[in-house]
Amino acid sequence: MTSDRSDRDRFWIAFGLNFVWINVSEIARYFLVVRPMLHKAFPGESQVAPMDWGIFVIWGVWDLVLIAAATGFYWMWLERFGDSVRQVLLASTAFTLTVFGLLWLGVANMGLAPYTMIAVALPLAWIEQAIACLIVRWVRNRVQSSASIFSI
């Protein structure tokens, strides 16, 4: 039973660290890359990539779902296939192509973003997710069962 509890504790530590990392990464990517590219692609559209409280709340929900899915997926992948760097790269590639690949293909297909944006946004999303998977790997391997988020 102690093992289950320590795994659960480590999972929540990984979740917390990914919560910080992925939120920072998503915000930086949006404001520094995606939003300017969308404004350039659609110069006459005033409602392209707006930012208001409603959108910010939805974005918060999106990030929470993304963080939970990524952390859980990486935890299970590394548990099942091993925690080598190769598996980190495979897991982050699979997750990025599934989540962000589908998102950007759908958005571009609907004419809501240029296809050229995929060439920029997808590699940045992959880097974000590779680091998120490395965080999970690090917590699974390095954080002791008695650790708390405050002892890291």
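The values are calculated or read from the model by the stated rules, or taken from the named source; none is laboratory data. Every value quoted in this text rests on a predicted model; they were computed, and no experiment measured them. All Cβ positions, even for glycine, are placed from backbone atoms using ideal geometry, and neighbour counts span all protein chains on display.
When segment 59-75 is filtered for residues that are surrounded by 15 or more Cβ atoms within 10 Å (Cβ to Cβ), closer than 18 Å to Ala125 by Cα and of a type outside the set (Gly, Ala, Ser), the ones remaining, listed by number, are Trp59, Asp63, Leu66, Ile67, Thr71, Phe73, Tyr74. A single entry from Leu105, Leu78, Leu122, Leu112 fulfils the requirement of being within 28 Å of Trp12 (Cβ to Cβ), surrounded by 12 or more Cβ atoms within 10 Å (Cβ to Cβ) and not polar (S, T, N, Q): Leu78.
Looking at Arg10, Arg35, just one residue is more than 17 Å from Leu124 (Cβ to Cβ), surrounded by 15 or more Cβ atoms within 10 Å (Cβ to Cβ), in contact (Cβ under 8 Å) with a residue 12 or more places away in the chain and more than 17 Å from the chain's Cα centre (by Cα), and that residue is Arg10. Taking (1) closer than 22 Å to Asp7 by Cβ; (2) among the small types (Gly, Ala, Ser); (3) under 16 Å from the mean Cα position of the chain (by Cα) in turn, Gly101 satisfies each apart from (1).
In the list Ala49, Ala41, which residue meets the criterion of being of a type in the set (A, V, I, L, M) and at positive phi?
On inspection, the qualifying residue turns out to be Ala49.
Is it the case that segment 124-141 has a residue that's modelled with pLDDT under 95 and either of a type in the set (Ser, Thr, Tyr) or in contact with a strand residue (DSSP E or B) (Cβ under 6 Å, 6 or more places away or on another chain) (or both)? Within segment 124-141, none of the residues are modelled with pLDDT under 95 and either of a type in the set (Ser, Thr, Tyr) or in contact with a strand residue (DSSP E or B) (Cβ under 6 Å, 6 or more places away or on another chain) (or both). Would you mind stating whether Ala49 is farther than 15 Å from Trp138 by Cα, in contact with a helix residue (DSSP H, G or I) (Cβ under 8 Å, 6 or more places away or on another chain), assigned to a loop (DSSP other than H, G, I, E, B) and not charged (D, E, K, R)? Here the answer is yes, as Ala49 does meet what is asked.
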